[in-house]
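Notes follow the structure.
The values are calculated or read from the model by the stated rules, or taken from the named source; none is laboratory data. Nothing here was measured: the structure is a model prediction, and the numbers come from that model. Positions of Cβ are generated from backbone atoms using ideal geometry, with glycine treated the same way; all protein chains shown enter the neighbour counts. The protein model used for the area step is the full one, side chains on, heavy atoms only, and it has no ligands, DNA or RNA in it. Shrake-Rupley method; radii C 1.70, N 1.55, O 1.52, S 1.80 Å.
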Amino acid sequence: MQQKQQIKQFILENFLFSEDPSAIGDQDSLIRGGIIDSTGIHELIFFLEDQFKLQIVPEEMTPANFDTIQTVDDFVTRKRAG
């Protein structure tokens, strides 16, 4: 499964309680849209660290890295590239 699809599936199942990919767009705000709060960000970070074998440091835990599915995907891509 593609990286972005895995991220989207996690968000759909754990925050929107849905399996419908049209329930959220890749550019829809997760934070401003009220889909993910501070606890949800931590859950998402734990998922990303486990799923993609990353270590995310506190300085990286900014809304710019986690506001949309696209920004999360871009962040993970940068982390995996080193």
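Quick notes
- Segment Met61-Thr77, length gained on full extension (0.36 nm per residue, minus Cα span): 4.2 nm
- Debye equation applied to the C-alpha atoms of the chain, log10 I(q)/I(0) at 0.20 Å⁻¹: -0.85
- Mean accessible surface per residue for the chain, computed with a 1.4 Å probe while every protein chain stays in place, in Å²: 60
- The range 3-81, accessible surface, carbon-and-sulfur percent (1.4 angstrom probe): 50
- Exposed loop sites here mean trypsin sites (Lys or Arg not before Pro) with a DSSP loop assignment and at most 13 other beta-carbon atoms within 10 Å; the chain contains its longest site-free run at 1-31.
- In the chain, helices alone account for a calculated mean residue ellipticity at 222 nm of -15000 deg cm²/dmol, with every DSSP H run of four or more residues adding -39,500 (n - 2.57).
- Between Ser29 and Gln5, full extension at 0.36 nm per residue minus the direct alpha carbon distance yields a gain of 7.0 nm.
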